[in-house]
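A quick write-up on the structure given underneath.
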Amino acid sequence: MSLPVTARLWRPKTGPSKVELAASMVKLLAVCLNRPLHVMADAAYHGRALRHLPEAITLTTRLPANAVLFDLAPPPTNKRGRPRLKGARLGTPAELAAIATFTTTRVARYGRTDQVRIAEVPCLWYGSFHTQTAGVILIRDEDTTTGYDLALVTTDLATPAAALVTRYAWRWSIETTFAEARTLLGVGQARNRSENAVRRTVPFGLYCYAITVVWYALHGHHPSDAADHRARAPWYTTKTDPSFTDMLAKLRRVIMPPDFSPSPQATRQAPKSRLSTKPGPKQASNTQLDHTGPARTAKVEWPCDQSFFDDLELDPDAAELRHPDKIDDEEEPDFPRDPALEQYKSTNRLAATARVTRQHGALRGLTQTIPVCPGCDNPTLDVT
């Protein structure tokens, strides 16, 4: 797994090139870490800026197909004139593969061990590394008989070729890092306008990626994480290690509850709704409505002891309005029971609709919708 540790803003045609920025970051890391660095890069990172790096830094990159290679410079002849800087022309990687000697070896790469054929040739890549000695590694797969499948050039002449191939395969993890940072953390999706925001937003997202992985390695990892994921998703039969998605999900479970969970003492203020029909000055103390006087204002109380819709106004000819749980089974209600209301009484959670009628049975067209109370999962009342 690759972790972003530094970043630079590249401006096409107006600032340093990508190779120059990469060289500056590599030299900075070498000074800060004070340890040997083995740099792995793709074919775009080569050139004059990467020549003659400090001794503690080695570079391995993919060799372009059009690169021209030369033999090492011959020793001085003690004759007049400048000594030769390069030897005979060896040609392109394809021409070099035609005359090179390949040996069979086993290489660990991309999570598996493959048997490949490798040829290693010391030479000069005069166009990029000038007179610095480099090693060209040509790799053929088992089913390849001519040419090569991968060509690498490296300044690390002490490490065996098979180990260099394995090390170069590790570079692919940075591509996975960039993809996960874009899809999971939104890196690169911001539309910034100020210069400081452009410089800081993408590096901040990459650093968040690195911090998440470091936190998981130090504090969040548990041996059963991969097994638990296989139990939730049985189709991942070969999953043995947690992915960044698992790390991010676990970090969210750890940091979100104390900040976003509501406090047990927190209470919600009930919403209010008003139906304007025939407003009256008096207010009833309970759910009993007067059928003879002017329009009354009913105060509806539910089991959670929260008063909802204190200013609810109903028609004076409407029948008695009470909570369905407060209706005595032996008492005959003043209005016919609606089947939906009976279903609500049995479930105590489903919404129901009851039509209030006159005592004579004439439909008044007043409809009460009874949803679930947001505060205590008990029913509330909304007049529509």
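Summary of computed values
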| item | result |
| --- | --- |
| Filter result for residue 14 (out of contact with any helix residue (DSSP H, G or I) (no Cβ under 9 Å at 6 or more places or on another chain), of a type in the set (Ser, Thr, Tyr) and not in a loop (DSSP other than H, G, I, E, B)) | no |
| Conditions (1) out of contact with any Asp or Glu (no Cβ under 6 Å at 6 or more places or on another chain); (2) surrounded by 16 or more Cβ atoms within 10 Å (Cβ to Cβ); (3) at pLDDT 90 or above; number of the one not met by residue 220 | (3) |
| Among (1) assigned to a helix (DSSP H, G or I); (2) at pLDDT 80 or above, the one test that residue 229 misses | (2) |
| Boolean, residue 97 is in a helix (DSSP H, G or I), at pLDDT 90 or above, crowded, with 19+ Cβ neighbours inside 10 Å and over 39 Å from the mean Cα position of the chain (by Cα) | yes |
| Conditions (1) more than 24 Å from residue 20 (Cα to Cα); (2) assigned to a strand (DSSP E or B); (3) more than 38 Å from the chain's Cα centre (by Cα); number of the one not met by residue 135 | (1) |
| Those residues of segment 1-23 which are surrounded by fewer than 13 Cβ atoms within 10 Å (Cβ to Cβ) and of a type in the set (S, T, N, Q), in sequence order | 14 |
| Sole exception among (1) in contact (Cβ under 8 Å) with a residue 24 or more places away in the chain; (2) not assigned by TED's automatic domain parsing to the domain that holds residue 150 for residue 28, by number | (1) |
| Criterion violated by residue 177 - all others in (1) over 30 Å from residue 115 (Cβ atoms); (2) in contact with a Pro (Cβ under 7 Å, 6 or more places away or on another chain); (3) modelled with pLDDT of 90 or more satisfied | (1) |
| Tally of residues being under 19 Å from the mean Cα position of the chain (by Cα) and in contact (Cβ under 8 Å) with a residue 60 or more places away in the chain across segment 186-203 | 2 |
| Qualifying positions in segment 73-109 - on the phi > 0 side of the Ramachandran plot and either in contact (Cβ under 8 Å) with a residue 12 or more places away in the chain or not assigned by TED's automatic domain parsing to the domain that holds residue 130 (or both) | 91 |
| Qualifying positions in segment 10-38 - closer than 22 Å to residue 188 by Cβ and of a type in the set (A, V, I, L, M) | 19, 21, 22, 25 |
| Answer from 119, 65 - the residue that is small (Gly, Ala, Ser) and in a strand (DSSP E or B) | 119 |
| Condition met for residue 175 (charged (D, E, K, R), without any contact (Cβ under 8 Å) to a residue 24 or more places away in the chain, assigned to a helix (DSSP H, G or I) and within 16 Å of residue 1 (Cβ to Cβ)) | yes |
| Residue satisfying all of: in segment 110-120; out of contact with any Asp or Glu (no Cβ under 8 Å at 6 or more places or on another chain) and touching a residue at least 40 places away in the same chain (Cβ under 8 Å); farthest from residue 50 (Cα to Cα) among these | 110 |
| Sole exception among (1) touching a strand residue (DSSP E or B) at 6+ places or on another chain (Cβ under 9 Å); (2) β-branched (Val, Ile, Thr); (3) not in a strand (DSSP E or B) for residue 5, by number | (1) |
| Only one of 148, 126 that is in contact with a Pro (Cβ under 8 Å, 6 or more places away or on another chain), surrounded by 17 or more Cβ atoms within 10 Å (Cβ to Cβ), hydroxyl-bearing (Ser, Thr, Tyr) and closer than 29 Å to residue 50 by Cα | 148 |
| All positions within segment 166-177 that are among the aromatic types (Phe, Trp, Tyr) and surrounded by 16 or more Cβ atoms within 10 Å (Cβ to Cβ) | 168 |
| Candidates 58, 105, filtered to the one that is in a strand (DSSP E or B) and touching a Leu at 6+ places or on another chain (Cβ under 9 Å) | 58 |
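The values are calculated or read from the model by the stated rules, or taken from the named source; none is laboratory data. The structure presented is a predicted model; accordingly, all values stated were derived computationally and were not measured. Neighbour counts run over all protein chains shown; Cβ positions are idealised from the backbone, glycine included.
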